[in-house]
Amino acid sequence: MTIFEAYNDCKKQLQAAGVEDYVFEAKQIIKHVTGYTNAQILTKYTQALTQFQQDNITAIIKQRLIRYPLQYIIGRWNFFGREYFVGPGVLIPRSDTETLIDVCLESLKDKQTPRVLDLCAGSGCIGITIKGEVGESDVTLVEKYEEALNYTIKNALHNNADVRIIKGDVLETQGADGLYDLIVSNPPYITDEDMKTLQPEVKFEPATALEGGEDGLIFYRHIAKEYKKYIAPNGTLAFEVGMGEAEAVADILKQNGYQNVGVRKDYCDVDRVVFGTAI
Ligand SMILES: C[S@@+](CC[C@H](N)C(=O)[O-])C[C@H]1O[C@@H](n2cnc3c(N)ncnc32)[C@H](O)[C@@H]1O
């Protein structure tokens, strides 16, 4: 079987299984089993796959048929131009979160050696990106769960990010020490009701990374109120929010005395980031 035939076969099977992004995924699978780049695939598409490579594709497709996430199968995923290890126990970095990074970087652009606190760090994609983009920053990441924390540590090492990583419970206001120019969080924000109707792939991700309580807002209320004393004058609090939550989260910030409260849309035109300034 050639690379081209395998690619078409993957596409067909993924489409039949109801995988939305079947074209993209088929390409990722071929790249993964061959180790080729996009450009190499274009020039080598008539090349025959080895039996090992074909068996590998069969195994991957089997996992995708039960909707096990492709990112967990591949074991690595890209976020804001850097590679992160992912697997069971950690949330897969989403492209939506890149909007949060944009807001964070804008808030830090005039600060010389900013201190940054990333709460609910998971893979570490937020704190590690900020450290990578703002070299002089002093970044701390806080994560409660051991399985996720293993990925935070592994990803910081993999990306040569000289950051501080703390095991702590954000709902107990742990991990902060002194004042920060930016406190950022993409906390669990799915409502109890929406937890019942998750996409099949998301059901394989840890519930502890998703559950935001009855109305999805537990973490926003707690962080906006309890971590405010750790934000430096003119410092920023920035949150990623779930679909339909922006207005409620903006209200939480206003009720807690934050100024210049704003909302930013993601690439899909969804209100995705809520931010405010602590005076
Ligand atoms: C929505 S995920 C975000 C992960 C990562 N920051 C990202 O943007 O991809 C939320 C993370 O919060 C962690 N978490 C859940 N409850 C927590 C708590 N009480 N204290 C600290 N971290 C918590 C989860 O383990 C998970 O890694």
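The values are calculated or read from the model by the stated rules, or taken from the named source; none is laboratory data. Note that the structure is predicted; figures quoted are calculated from it, not measured. Positions of Cβ are backbone-derived with ideal geometry, glycine not excepted, and every protein chain shown enters the neighbour counts. Side chains included, ligands, DNA and RNA excluded: accessible areas come from the protein's heavy atoms. Shrake-Rupley method; radii C 1.70, N 1.55, O 1.52, S 1.80 Å.
The listed residues Y72, Y145, once ranked by accessible area (1.4 Å probe) with the largest placed first, stand as Y145, Y72. When the charge dipole of the chain is built from unit charges on Cβ atoms (+1 for Lys and Arg, -1 for Asp and Glu) and taken about the Cα centre, the candidate among Y267, T277, T46 whose Cα reaches farthest toward its positive end is T46. Could you list the residues of segment 99-127 with an amide nitrogen less than 16 Å from a label point located 7 Å from the Cα of N260 in the Cα-to-C-beta direction? Correct set: 102-112, 114-115. Grab every C-alpha pair in the chain, bin the distances at 5 angstrom width from 0 up to the longest one, and report whole percents. P(r) over the chain, rounded to whole percents: 1, 6, 12, 15, 17, 15, 11, 8, 6, 5, 2, 1, 0.
Measuring gaps between exposed loop sites in the chain (GluC sites (Glu not before Pro); DSSP loop; at most 15 other Cβ atoms within 10 Å), the longest gap, sites not included, is 21-135. Of the residues A209, G235, L253, the one whose Cα sits farthest toward the positive end of the charge dipole of segment 201-260, with +1 on the Cβ of Lys and Arg and -1 on the Cβ of Asp and Glu, is G235. Extending 7 Å from the Cα toward the beta-carbon at both M243 and I74 defines two label points whose distance is 2.3 nm. Summary value for the chain: 15 percent relative contact order, contacts being C-alpha pairs under 8 angstrom separated by 6+ residues. Other residues within the sphere of radius under 14 Å centred on the Cβ of L42, judged by their own Cβ, net out at +3 (K and R +1, D and E -1).
Between the beta carbons of L105 and Q51, assuming R0 = 41 Å, the FRET efficiency works out to 0.30 to the nearest 0.05.
Taking every DSSP beta bridge that has both residues in the chain, what percent is antiparallel when rounded to the nearest 5? Show your work: numbers first, answer last.
Values: 16 of 35 bridges.
Around 45 percent antiparallel, to the nearest 5.
Can you tell me the length gained on complete extension of the stretch L171 to N8, counting 0.36 nm per residue apart and subtracting the Cα distance?
On the way: separation 163, 0.36 × 163 = 58.68 nm, distance 4.80 nm.
53.9 nm is the gain from fully extending L171 to N8.
Applying 0.36 nm per residue to the separation of Q15 and T58 and subtracting their alpha-carbon distance, the gain on full extension is 14.0 nm. Sparsely packed loop sites in segment 171-263 (the chymotrypsin sites (Phe, Trp or Tyr not before Pro) outside DSSP H, G, I, E and B with at most 15 other Cβ atoms within 10 Å) do not occur.
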